[in-house]
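Undergrad: Okay, here's the structure, questions in a sec.
The values are calculated or read from the model by the stated rules, or taken from the named source; none is laboratory data. Remember, it's a predicted structure, so these values are computed and weren't measured experimentally. In this analysis, Cβ positions are derived from the backbone assuming ideal geometry, glycine residues included, and neighbour counts consider all displayed protein chains. To get the accessible areas, we keep the full protein, side chains included, count just its heavy atoms, and leave off ligands, DNA and RNA. Shrake-Rupley method; radii C 1.70, N 1.55, O 1.52, S 1.80 Å.
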Amino acid sequence: MEESHSLPIKGVWNKLSIKDLDIRGKRVFVRVDFNLPLDENLNITDDRRIRSALPTINYAIDEGSKVILSSHLGRPKGKPDKRYSLASVARRLQRLIKKEVLFLPDCVGPKVDEAVSKMAPGDIILLENLRFHNEEEKNDEAFSKSLAGLADVYVNDAFGAAHRSHASIVGITKFLPSAAGFLLQKEIEYLQGVVNNPVRPFVAILGGAKVSGKIDVIKNLEDKVDKVIVGGGMAYTFLKAEGYNVGDSLVEEDMLGLANEIREGVVAKGIKFYLPVDCVIAQSIEPAAETKLVTSQEMPNGWKAVDIGPASVKLFSEALESAKTILWNGPMGVFEVDAFSRGTFAIAHSVADAYALTIVGGGDTDLAVSRAGVSESISFISTGGGAALELLEGKDLPGLVALTNK
Ligand code: AMP
């Protein structure tokens, strides 16, 4: 799981990477994204983001660096709050990395300075949640400087936070040589590779709740994509815009005009545009709700679409067969409820079985793929929701822009 340079993104990657820096024996401040999902008892429910950062951390340890890790967790509103402590993350990291991890109860201040001054090569410190200080989200200069004062070099491996102009992402880079870690680089290579230079035929599958969140992705891919498949809640805005009755399905009324415009624009470019031809409907999204299978032309009032049906799965899966690149963002239905998960899981299997470079990015799609049991068969699963979307929309990520140019 080392860094991958297999994707052709020549001309895009002009930033220092951790391998370009001399970090031997140095204090390295590594911004990671350990914003992990926790259950109501604060147990970690998924540690993929820790495992994804291990190549960078292990590399720094092998180089004899003193590794200072920092992250945010949740939204603690600028003050200490036990519910958002990284203490349990430190324990999980220690178990995964099989080395002692010293957890500090703050991220700045004299005690932190003292602990860092005692570090030996190969030591690891994890600082407490950066967002216990509201200066973090304000990209405050003095706070950035205090963080920078802990280290000799800065490495950003927090792809999931790279779209934020925060002190530990942007402000700190003003004071230290700043490079990308392996995870950040790999994320950019895959996601930007797919935007800039996909191997064609390239199929984008878009789902999830809202059209408004994905319109810019469609627009940005317009000149690169061969087929667009739309499922999930957003499909019903497109269907209604075409004149279908969609009952009580999720619809963004203010997006109807734009939805038509986008679809017509895409089709005019010769891109195939697929919408569900059948759906599973229910009167509520309760797990025990009665369901019916109907075609997209016969959705009754009082019922809402909660999943795509088997004919849509077949149509979409056939559309994937010839693909060489597949990008999937957003579930096909309310997959969190077992009874409405079949369409999403079936598409997860079709993506996993495709003889293509398969990239899953943004939103809950990584969870869907993992619940479907096919994560290992996907070429690349992004660790960043919002950051992945912004890249796919063609936006610059402040965290990437801020790194030192080569
Ligand atoms: P997003 O963050 O936009 O990718 O949306 C993900 C959410 O979309 C998931 O929580 C799904 O439950 C939800 N979703 C998917 N399909 C539907 C649907 N047909 N109606 C309502 N919500 C949906």
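Undergrad: Being more than 13 Å from the ligand (Cβ to nearest atom) and at pLDDT 95 or above is the filter here, so list the residues in segment 206-219 that pass it.
TA: Within segment 206-219, no residue meets the criteria.
Here is a yes/no grid of residues against (1) closer than 17 Å to Val334 by Cα; (2) in contact (Cβ under 8 Å) with a residue 40 or more places away in the chain; (3) of a type in the set (A, V, I, L, M):
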site: Gly208; (1), (2), (3): yes, yes, no
site: Val217; (1), (2), (3): no, yes, yes
site: Asp226; (1), (2), (3): no, yes, no
site: Leu256; (1), (2), (3): no, no, yes
site: Lys272; (1), (2), (3): no, yes, no
site: Gln283; (1), (2), (3): yes, no, no
site: Ala289; (1), (2), (3): yes, yes, yes
site: Gln297; (1), (2), (3): no, yes, no
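Undergrad: Further question: Can we say Phe273 is within 25 Å of the chain's Cα centre (by Cα) and outside any helix (DSSP H, G or I)?
TA: yes
Undergrad: Does Val246 fit the bill of being open to solvent by less than 10 Å² (accessible area, probe 1.4 Å), of a type outside the set (S, T, N, Q), modelled with pLDDT under 95 and within 13 Å of the ligand (Cβ to nearest atom)?
TA: Taking the combined requirement at face value, the residue does not satisfy it.
Undergrad: With buried (at least 21 other Cβ atoms within 10 Å of the Cβ) and within 16 Å of the ligand (Cβ to nearest atom) as the only criterion, which of Val203, Val155, Val228 stands out?
TA: Val228
Undergrad: Still on this structure, please answer the following. Between a first residue in segment 336-357 that is in contact (Cβ under 8 Å) with a residue 40 or more places away in the chain and a second residue that is open to solvent by less than 50 Å² (accessible area, probe 1.4 Å) and of a type in the set (D, E, K, R), which pairs have beta carbons less than 7 Å apart while being 6 or more apart in sequence or on different chains?
TA: Phe340/Asp307; Arg342/Asp307; Gly343/Asp307
Undergrad: Which pairs turn up if I take residues in segment 98-124 that are farther than 16 Å from Ser70 by Cα and open to solvent by 20 Å² or more (accessible area, probe 1.4 Å) and look for partners that are outside any helix (DSSP H, G or I) and at pLDDT below 95 with beta carbon separation below 9 Å, at least 6 apart in sequence or on another chain?
TA: Close Cβ pairs satisfying both conditions: none exist.
Undergrad: Do any helices (runs of 4 or more DSSP H) lying entirely in segment 298-386 carry at least 1 residues that are within 21 Å of the chain's Cα centre (by Cα) and assigned by TED's automatic domain parsing to the domain that holds Gly231, and which ones are they?
TA: 342-353, 365-371
Undergrad: Could you list all residues from segment 300-358 that are within 25 Å of Thr383 (Cα to Cα), of a type in the set (Asp, Glu) and more than 15 Å from the ligand (Cβ to nearest atom)?
TA: If the condition is that a residue be within 25 Å of Thr383 (Cα to Cα), of a type in the set (Asp, Glu) and more than 15 Å from the ligand (Cβ to nearest atom), then Asp353 is the only one that fits.
Undergrad: Also, quick follow-up: Kindly provide the set of residues from segment 24-43 that are modelled with pLDDT of 95 or more and open to solvent by 20 Å² or more (accessible area, probe 1.4 Å), ordered by number.
TA: Scanning segment 24-43 gives Arg24, Gly25, Lys26, Arg27, Asn35.
Undergrad: Let me ask you something else. Give Ala180, Ala167 a once-over and let me know the one that is closer than 23 Å to Gly384 by Cβ, among the small types (Gly, Ala, Ser) and in contact with a strand residue (DSSP E or B) (Cβ under 8 Å, 6 or more places away or on another chain).
TA: From the options Ala180, Ala167, the qualifying one is Ala180.
Undergrad: Let me ask something else about it. Go through (1) under 19 Å from Glu393 (Cα atoms); (2) part of a helix (DSSP H, G or I); (3) open to solvent by 30 Å² or more (accessible area, probe 1.4 Å) one by one and return the number of the condition Asp254 breaks.
TA: Single failed check for Asp254: (1).
Undergrad: If I filter segment 321-335 down to residues being farther than 20 Å from Met234 by Cα and either of a type outside the set (Asp, Glu) or touching a residue at least 60 places away in the same chain (Cβ under 8 Å) (or both), which single residue comes out as most open to solvent (accessible area, probe 1.4 Å)?
TA: Step by step, filter segment 321-335, then rank; the result is Lys324.
Undergrad: Another one. Read through the list (1) assigned to a loop (DSSP other than H, G, I, E, B); (2) surrounded by fewer than 20 Cβ atoms within 10 Å (Cβ to Cβ), then give the number of the only condition that His72 fails.
TA: All conditions are met except number (2).
Undergrad: Condition first: touching a Phe, Trp or Tyr at 6+ places or on another chain (Cβ under 6 Å), in the same structural domain as Ala162 (by TED's automatic domain parsing), over 30 Å from Glu376 (Cα atoms) and of a type in the set (A, V, I, L, M). Can you find one or more residues in segment 67-79 that meet it?
TA: Checked segment 67-79: at least one residue is touching a Phe, Trp or Tyr at 6+ places or on another chain (Cβ under 6 Å), in the same structural domain as Ala162 (by TED's automatic domain parsing), over 30 Å from Glu376 (Cα atoms) and of a type in the set (A, V, I, L, M).
Undergrad: Checking Gly363 against (1) under 22 Å from Ala259 (Cβ atoms); (2) at pLDDT 95 or above: exactly one of these is not met. Which one?
TA: Checking Gly363 against (1) under 22 Å from Ala259 (Cβ atoms); (2) at pLDDT 95 or above, the one that fails is (2).
Undergrad: So if I check each of Ala311, Ala352, which one is open to solvent by 30 Å² or more (accessible area, probe 1.4 Å) and at negative phi?
TA: Checking each option against the conditions leaves just Ala311.
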